[in-house]
Amino acid sequence: MVLTTDLSVHLQLVGSLKTALLSQNKNDVMESPMMMMKIIIKCADIGHSSKATLLHARWSELIIEEFFLQGDDEKELGMEISPFMNRGSENSAKNQVGFFEFIILPFFDVVAEIVFTPGFKPILDQVHSNYNMWKKAEMLQLKNIKDILDQVFFVDEHRTGSTQVNRTSFAPRHTGHGLPSSPTSSGGHSPGHSHTSMTMGSTAPPPLLESTAEDMGETPPPTLSIPTTIAVASSAPPPAIPAPNV
């Protein structure tokens, strides 16, 4: 089930949902516990795309910086830099638009139709709103994530301590060269896992955003409830069987 988050099976999942929708077999999906769990874990995996605009911007910057940190290490080790991880050829607006158009929107659109309609609509609307922000950045020909955050998402106007003149990035900076040398610098992760340092020159976590969904004129998404029927065995002892008369 966890492998549902692997993008190599993403198209297969979306295709299965679209097939069920076109063949009017929604109930087959709704009545399949395994399929429902796959949908839910996939929603959680790419859920930052449905967050309130500024929270989505924050997570996007962190993810992009994590990619660049991996690219930095690959470059230093003489390896070929993985796609989307080359800091020197950043085009974050175009990359995010592509991510939404090929991964995010097809999935959330079909989930809204087949599973959670109509309660899913506020979440779907937020996904499309975030997508439009990246489209705007692409139209402005912005490539650097810092420029996008400042000129499109306007994060400085909502940041904690916004009276500061200098902009402090959401994303942590690389504290050294190459792979981290200690659990402290790597956040305690094992090799092969994300080693993004969250120190930013101190032990404090990245700044939180003060603004809420209401502050931004957005309606917080509702809590979705999925009806389930669970049969629970009775804990009462079985009735006594009377002994036969002799």
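Computed from the coordinates by the stated procedures, all read-outs in this text should not be read as laboratory data. Predicted model, so just to flag it, every value in this text is computed and none were measured. Glycine also receives a Cβ, built like all others from the backbone with ideal geometry; neighbour counts cover every protein chain displayed.
Below is a table of values for the structure above.
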quantity: Flag for residue 46 being under 20 Å from the mean Cα position of the chain (by Cα), within 16 Å of residue 115 (Cβ to Cβ) and not hydroxyl-bearing (Ser, Thr, Tyr); calculated: yes
quantity: Matching residues, the range 16-34, being in a helix (DSSP H, G or I) and either in contact with a strand residue (DSSP E or B) (Cβ under 6 Å, 6 or more places away or on another chain) or small (Gly, Ala, Ser) (or both); calculated: 16, 20
quantity: Residue 9 vs. criteria touching a helix residue (DSSP H, G or I) at 6+ places or on another chain (Cβ under 6 Å) and under 16 Å from residue 111 (Cβ atoms); calculated: no
quantity: Hits in the range 1-18 (condition: closer than 12 Å to residue 113 by Cα and not aliphatic (A, V, I, L, M)); calculated: 18
